[in-house]
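All remarks here apply to the structure that follows.
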Amino acid sequence: MTDTISRNWPAPAKLNLFLHVNGRREDGYHELQTLFQFVDHGDTMDFKVTDKPELILHSDMAELVPDSDNLILKAAKSLKEASGYSGGAEIWLTKILPMGGGLGGGSSDAATVLVALNALWQTGLTKQQLAAIGLKLGADVPVFINGLAALAEGVGEKLETVTPAEPWYLVIHPKVHVCTKAVFQDPDLPRNTPKLTLNSLMSNPWQNDCEKLVAERYPQVANALAWLIEYAPSRMTGTGACVFGSFDTQQNALNALAEMPAEFDAFVAKGINISPLEQRLRQL
Ligand SMILES: C[C@@](CO)(OP(=O)(O)O)[C@H](O)COP(=O)(O)OP(=O)(O)OC[C@H]1O[C@@H](n2ccc(N)nc2=O)[C@H](O)[C@@H]1O
Ligand SMILES: Nc1ncnc2c1ncn2[C@@H]1O[C@H](COP(=O)(O)OP(=O)(O)O)[C@@H](O)[C@H]1O
């Protein structure tokens, strides 16, 4: 394996099709019910297994996120420690996803590192073991490791596989960074949505409990939603800043994109219930 580069491991974005805040725990974290679906758009990574123990990241992210904070290196280090693997890896990242956009790019990168290196190092950890390591890096890492659309509960660690419709999405990034921690610390965040059963969650109208607050604090998010809602049913993902509209066809989503004001960034992608990472693993 050494010196061979294993290329194009996908780290897809996720959308929170709904996000309910059910309460606040004693440790300050919030109990959530949220529906995760993947899209066929995201970062990619190449890996080289090395005999030397070093973990090296090649990316253009270092100015924004120092290596010591990068979830990619943290994930690789955690797997090395948990498995006792003696070698190392070089990792090349192609960063596509905006950071702090509610698309889960950092968590997805971490999940792909855990899954890919577990395969390439042949360390043999189960998905459950990888998810437990991943949860320490971020609340959304387990769903990316599991690779299947899911209702998540707790702080994101309890997953139930679901198969929602797979429409096309126009995902808009309003070019503003929303801090997840600040949203959850905001006194005006509603925290009292009752916990519902899976059946009622799937059949009731979908909402994001963070959306109103974030739209009030960030006019760019409000503007993006106000524009998109004229074209399609639309919501915010996660704690923002990205918003997404659902379309029946790729062409309809592209038609809306063609009319979008230049103040936003955007992409069109397909909703998928089996993540590209999981699809790749199934082909190994
Ligand atoms: C709420 C979600 C939904 O997908 O938002 P996005 O980050 O995707 O927008 C995620 O679960 C976020 O996951 P992640 O971004 O990994 O959050 P973390 O780093 O674990 O937490 C950042 C901070 O948000 C707060 N936090 C996070 C998750 C949670 N269930 N309750 C919280 O109160 C905590 O103050 C924590 O310090
Ligand atoms: N590989 C990574 N990719 C993106 N963000 C990272 C990465 N490593 C660490 N981070 C940190 O995690 C934060 C959240 O990133 P991201 O997951 O993209 O946002 P969100 O949770 O809103 O979807 C970033 O602002 C950045 O400081």
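A few comments on the model shown:
- Between GLN251 and GLN122, full extension at 0.36 nm per residue minus the direct alpha carbon distance yields a gain of 42.2 nm.
- The C-alpha atoms of segment 168-272 occupy a region whose extents along the principal axes are 39, 33, 22 Å, arranged from largest to smallest.
- Extension gain, GLU216 to ASN8, is 71.0 nm, computed as 0.36 nm per intervening residue step minus the present C-alpha separation.
- Furthest towards positive pole of dipole, VAL243, PHE144, MET99, structure part the chain, Cβ charges: PHE144
- Residues whose amide H falls under 5 Å from that of LEU55, counting only those 5 or more places apart or on a different chain, are ALA89, with hydrogens built in the peptide plane.
- Under the convention that each Lys and Arg Cβ holds +1 and each Asp and Glu Cβ holds -1, the size of the dipole of the chain around its Cα centre is about 520 debye.
- HN-Hα J in Hz across segment 38-50 - Karplus 6.51, -1.76, 1.60, θ = phi - 60°, x for Gly and Pro: 8, 10, 8, 8, x, 6, 9, 9, 10, 10, 10, 7, 10
- The Cα-based radius of gyration of the chain, divided by its Kirkwood radius, gives an Rg/Rh of 0.97.
- Counted residue by residue at 0.36 nm each, then reduced by the alpha carbon distance between them, the extension gain from GLU31 to GLN283 reaches 87.2 nm.
- Inter-site label distance for GLU90 and ARG191 at 7 Å from Cα along Cβ, in nm: 4.8
- Rounded to whole numbers, the Karplus 3J(HN,Hα) couplings from phi for segment 191-196 are 10, 10, 5, x, 5, 10 Hz, using 6.51 cos²θ - 1.76 cosθ + 1.60 with θ = phi - 60°, and x at Gly and Pro.
- Sorted ascending by nearby beta carbons within 10 Å, beginning with the fewest, THR193, THR112 become THR193, THR112.
- The Rg/Rh ratio for segment 21-75, using Cα coordinates for both the radius of gyration and the Kirkwood hydrodynamic radius, is 1.13.
- Kirkwood hydrodynamic radius of segment 5-162, Cα pairs, Å: 15.9
- Modelled spin-label separation between GLU230 and ASP69, with each label point placed 7 Å from Cα along the Cα-to-Cβ direction: 3.8 nm.
- When the listed pairs LYS14/LYS95; LYS136/LYS158; LYS14/LYS74 are checked against a 19 Å cut-off, the alpha-carbon distance exceeds it for LYS14/LYS74.
- Estimated dipole of segment 5-162 in Debye, rounded to 20 [Cβ of Lys and Arg +1, of Asp and Glu -1, Cα centre]: 260
- Phi-based couplings in Hz for segment 151-156 (Karplus 6.51, -1.76, 1.60; Gly and Pro marked x): 7, 10, 10, x, 9, x
- When you restrict to C-alpha pairs under 8 Å that are six or more residues apart and normalise by the size of the chain, the relative contact order lands at 24 percent.
- Label-point separation, GLU81 to ASP265 (7 Å along Cα→Cβ), nm: 3.1
- Ordering ALA224, GLN207, ALA269 by Cα displacement along the dipole of segment 168-272 toward the positive end leaves GLN207 in first place; charges were set at the Cβ atoms of Lys, Arg (+1) and Asp, Glu (-1).
The numbers here are math on the coordinates, done by the rules we state, and not lab data. These numbers were taken from a predicted model, which means no experiment stands behind them. Cβ atoms come from the backbone with ideal geometry, glycine included; neighbour counts cover every protein chain shown.
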